[in-house]
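Below is one structure; the comments refer to it alone.
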Amino acid sequence: MSTLSNKRIIVGISGGIAAYKSAEIVRRLQDAGADVRVVMTPSAEQFIRPLTLQALSSHPVHADLLDPEAEAGMGHIELARWADLILIAPATADFIASMVHGRGNSLLNAIILATPAIVAVAPAMNQGMWAHPATLENMALLEQRGVRIFGPDSGVQACGDIGPGRMQQPQEIVDQVASCFAGQSLSGKKLVLTAGPTREAIDPVRYISNHSSGKMGYALAQAAVEAGAQVTLISGPVNLIAPERCNIVSVISAADMLEATMQACSDADILIAAAAVADYRPVTVAAQKIKKHDDAINLELEKNPDIVSAAASEYSNLFVVGFAAETQDIESYARDKLQRKNLDAIVANDVSRSDVGFNSDDNEAAWITATSSKVFGKRSKTQLARDIISAIADQIDD
Ligand code: C5P
């Protein structure tokens, strides 16, 4: 059975030349078993006739937010609730900007605002518009909010320019819609994640920490929510917005993180330790700010507890995934850590590179278990997170 069987999909069409490809998308989604409704913005109707889409989808096309008759039939809130996924294809630069601002000025915008469904966009625009910082920032914001982004492709454009901004081909878009549903692999599982750095106080105003941004851990939390898991995210101090639908526990020090993790793992199925826990902490924390009277001072440090090892040995049924940030001999160090910390799997990456890893939006990693290993080449942390979550789901299923 196709993953799209009986799935309810709204195809939203905004006003761009690629709108002619939307008819083919509707057709192919239906061929794959999906129940499709079409919603058009007023400008989309300048590019493709609603009648074509009505005939293909076998349902009236929805276009008008203020049409009392249409609202009495299936209103915007009902459509928003009906859908499992809303695909905007093509998504023009203007429509993307309106989504970023949370506008509700068209039927399609109102549905997107009201829906709990997965939202995906297939951008289509001139290469200059795609490369504009406003568009790039808008795309980054949408991605951060969990909107799936399909493409765009690069090549010759309708206007004669060459570059990125072409909408992907219909079949490629349909395949990605299907893969959004293939990911419900952790449905019903309780997953605990540690993320971000920890801060170890020296005195009331100073601390020891590291450069972890928390992006990988937050991307994992998002991917785990998408995969149907019930997620508890135990986070050190970061500048990130927690993904929706996950239970966030904010902590500062490794000791706080240990306590929160042990508590959350007591009834969990999976632990992913993505936090960059400070290795050492000051033995004593000065009660008052340390004054700079002396030319040199000595700070005595003691080792922090190993959170992931503690959880792995306390809870033997927990599936435990650790991270290894290495600068050399990555696989052999990672394997050693896998054994020493009693992990089921480890995600190893090379932190000596500046184009991936700490503070970057991209990452490259190897997934290593006692009996296997595979490499995830350079990709966005969002995509890598989805790949890691699928690897966990495959392993648990075995
Ligand atoms: O020993 P190392 O810091 O390289 O190990 C990295 C892995 O162990 C990561 O998964 C990290 O979250 C976890 N860790 C931990 N508690 C520590 C140190 C590391 O959970 N004190």
- Query: What is the calculated FRET efficiency for Ala310 to Ile241, with r their C-beta to C-beta distance and R₀ = 35 Å, to the nearest 0.05?
  - Reply: 0.75
- Task: Any chance you could run the full-extension gain for Ser154 through Asp294? It's 0.36 nm times the residue separation minus the Cα-Cα distance, nm to one decimal.
- Result: 44.3 nm
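About the Cα centre, and with charges only on the beta carbon of Lys, Arg (+1) and Asp, Glu (-1), how big is the dipole of the chain? Nearest 20 debye, please.
Details: 33 positive and 46 negative charges, 58 e Å.
Here the size comes out at about 280 debye.
For the chain, calculate the relative contact order in percent as a whole number, restricting contacts to Cα pairs under 8 Å that are 6 or more residues apart. Could you put the intermediate results ahead of the total?
Values: 831 pairs, mean separation 43.4, N = 398.
Taking the mean separation of contacting Cα pairs over the length of the chain, I get 11 percent.
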- Message: Quick check on segment 8-179: of the DSSP beta bridges with both residues there, what percent are antiparallel, nearest 5%?
- Response: 20 percent
- Query: Toward the positive end of the charge dipole of the chain, about the Cα centre and with charges on Cβ (Lys, Arg +1; Asp, Glu -1), which of Thr284, Thr194, Val251 goes farthest?
  - Reply: Val251
- Which ³J(HN,Hα) values in Hz, rounded to whole numbers, follow from the phi angles of segment 135-149 under the Karplus curve 6.51 cos²θ - 1.76 cosθ + 1.60, where θ = phi - 60° and Gly and Pro get x? 5, 4, 5, 4, 5, 4, 5, 4, 4, 4, 7, x, 6, 7, 10
- How high is the FRET efficiency between Ser5 and Thr371 when r is their beta carbon distance and R₀ equals 30 Å, given to the nearest 0.05? 0.30
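Normalising by the residue count of segment 190-397, find the relative contact order in percent from Cα pairs under 8 Å and 6+ residues apart.
Numbers: 442 pairs, mean separation 42.5, N = 208.
Relative contact order for segment 190-397 comes out at 20 percent.
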- Note on the structure: Under 5 Å from the placed amide H of Val320, counting only residues 5+ away or on other chains, we find Leu271, Asp344, Ala345
- Please give the contour-minus-distance gain from Ser250 to Glu172: 0.36 nm per residue of separation, less the Cα-Cα distance, rounded to one decimal in nm. 24.1 nm
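Bear in mind these aren't lab numbers, they're just calculated from the coordinates by the rules spelled out. Since we're looking at a predicted model, the values are computed, not measured. So basically every Cβ, Gly included, is an ideal-geometry build from the backbone, and we count neighbours across all protein chains shown.
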